[in-house]
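All remarks here apply to the structure that follows.
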Amino acid sequence: MRALFKITVLMLITSAVAYGQKLSDIEMDEKHTIYKENFTTNENTTLVLNLNNTKAQIFQSPDDKVYIEYTKEFKNTKKKRIQSQLELFIVSGKKEGNKITYSSKTRSALGDRRYRFEELMINRLEKKKFFKDSTQKPIERKSLNSVFQEIKASDSLLRNKLFGTLKIKPHVKKWKKSDQIIITKMIIKIPKNIHVRATLENSNLAFMDDFYNRATMNVRNTKLKFKTVGNALSIFDIDNGYFNAGDVTSGSYSFANVRQVKIGKLKNTSINSEFTKVEIGEIGKKVEIVDFTSKYLIHNFSKGFGNFKMNTEYSEINLFFPEDKDFYLETFGYDTVHQFAKNVTTETTPNGKNEKHKMLVIGKETALNKIKFITIHGIVRLGEDFIDLRE
């Protein structure tokens, strides 16, 4: 059974690596434009994106127009297959008043093959508990730059982890002149002052420039990747998938069942999460988090981060102390285990009325920087340079 599983993995790896390789130096035989249009905008324009099974790169527009180009290129591909491929896409765009609507989906669940490969393998591996040993080792504090680099390379890190876990050597494809190649590319350029409303499902979007637009996004089973994202009026509702951002400067974010949330710098932001894995490189000013049954890993704090608050239930919080020792930390709640200071463990049990009370205090209350946890039925691990993930 394990041999059959590895064969299946190898088949999927070959597909995924071939799909992800750089093909810019290869001369293609045919290029077909599925959709190409531009729309004028003003500061009151709303762009509505309805994307299903779509991979796209998002850029900042060079002017006040929205540009959308969707193409498919072929090499050594039979006419019948080209035609069948082009017939899969359902694309439409229109402008009515100050509202631009662009929709894209496929007649079959093509999606992003690499994303689907990773999802399939992770589901199989988690069921078989392949990752169990790696999660029990102590974790070390990461520098902010290290977290930035991981976000930048996020597309390959998970795949490499899968390869390493299964002890499979990554396959490097060397293209032959006779190989069949199909490239799908969608480019969307958005002016910086317009409101973006998006419904995204089974998709993969990479924002190549800083994205400060007001955004209202409903996201399902999708990968989102940002350099910088933030607007005080932005609302993100994300269920399942992946969220990677180098810098989150503001907004409101809801994460449910998200496999990975990895953020470099975080400030002026509220997060509401459940059943999600969250890693943050640096906490800045005005950050509040409400969580239920998630796992948090927080590495650093900015200078003068002010007040950081977390309200959690059944959560696992792993936090490295601020390097600036002038801070005050206190936890309120009940039925929570604290691990800190070289394996010192304290546990608070529920009281008769389940009333919250002060559980742990570190530092002086007069400090300008304060960390406050309200935590129920949880685990709080605190560390200087490493955190021991003991059960």
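The values are calculated or read from the model by the stated rules, or taken from the named source; none is laboratory data. All of these numbers come straight from a predicted model, not from anything done at the bench. Reconstructed Cβ throughout: ideal geometry from the backbone, glycine too, with neighbour counts over all protein chains shown.
Here are the numbers for the structure shown:
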{"read-out": "Residue count for the range 281-331, restricted to those that are touching a helix residue (DSSP H, G or I) at 6+ places or on another chain (Cβ under 8 Å) and without any contact (Cβ under 8 Å) to a residue 60 or more places away in the chain", "value": "0"}
{"read-out": "Any hit, the range 172-186, residues being over 24 Å from residue 75 (Cβ atoms) and modelled with pLDDT under 90", "value": "no"}
{"read-out": "Contacts under 8 angstrom Cβ, first residue in the range 353-379 being more than 22 Å from residue 286 (Cα to Cα), partner among the small types (Gly, Ala, Ser), 6 or more apart", "value": "356/333; 357/333; 359/333; 376/333; 378/315; 378/333; 379/315"}
{"read-out": "Selection from the range 217-230 of residues that are surrounded by fewer than 19 Cβ atoms within 10 Å (Cβ to Cβ) and of a type in the set (Ser, Thr, Tyr)", "value": "228"}
{"read-out": "Scope the range 95-110; condition over 12 Å from residue 50 (Cβ atoms) and part of a strand (DSSP E or B); matching residues", "value": "95, 96, 99, 106"}
{"read-out": "Yes/no for residue 75 being on the phi < 0 side of the Ramachandran plot, exposed (fewer than 14 other Cβ atoms within 10 Å of the Cβ) and either more than 27 Å from the chain's Cα centre (by Cα) or among the polar types (S, T, N, Q) (or both)", "value": "no"}
{"read-out": "The listed residue being of a type outside the set (A, V, I, L, M), within 22 Å of residue 383 (Cβ to Cβ) and part of a loop (DSSP other than H, G, I, E, B), out of 303, 309, 285, 262", "value": "303"}
{"read-out": "Filter result (surrounded by fewer than 16 Cβ atoms within 10 Å (Cβ to Cβ), touching a strand residue (DSSP E or B) at 6+ places or on another chain (Cβ under 8 Å) and in a loop (DSSP other than H, G, I, E, B)) within the range 173-208", "value": "175, 179, 180, 192, 208"}
{"read-out": "Positions within the range 28-46 being surrounded by 14 or more Cβ atoms within 10 Å (Cβ to Cβ), in a loop (DSSP other than H, G, I, E, B) and not hydroxyl-bearing (Ser, Thr, Tyr), in sequence order", "value": "28"}
{"read-out": "Unmet requirement for residue 147, which otherwise passes all of (1) modelled with pLDDT of 85 or more; (2) farther than 21 Å from residue 265 by Cα; (3) surrounded by 15 or more Cβ atoms within 10 Å (Cβ to Cβ)", "value": "(2)"}
{"read-out": "Qualifying residue in the range 321-333 (condition: loosely packed, with under 13 Cβ neighbours inside 10 Å, within 25 Å of residue 277 (Cα to Cα) and at pLDDT 90 or above)", "value": "yes"}
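Here's the yes/no breakdown for (1) over 19 Å from residue 371 (Cα atoms); (2) of a type in the set (A, V, I, L, M, F, W, C); (3) touching a Lys or Arg at 6+ places or on another chain (Cβ under 6 Å):
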{"position": "235", "(1), (2), (3)": "yes, yes, no"}
{"position": "244", "(1), (2), (3)": "yes, no, yes"}
{"position": "252", "(1), (2), (3)": "yes, no, no"}
{"position": "261", "(1), (2), (3)": "yes, yes, no"}
{"position": "266", "(1), (2), (3)": "no, yes, no"}
{"position": "272", "(1), (2), (3)": "no, no, no"}
{"position": "278", "(1), (2), (3)": "no, yes, no"}
{"position": "286", "(1), (2), (3)": "no, no, no"}
{"position": "290", "(1), (2), (3)": "no, yes, no"}
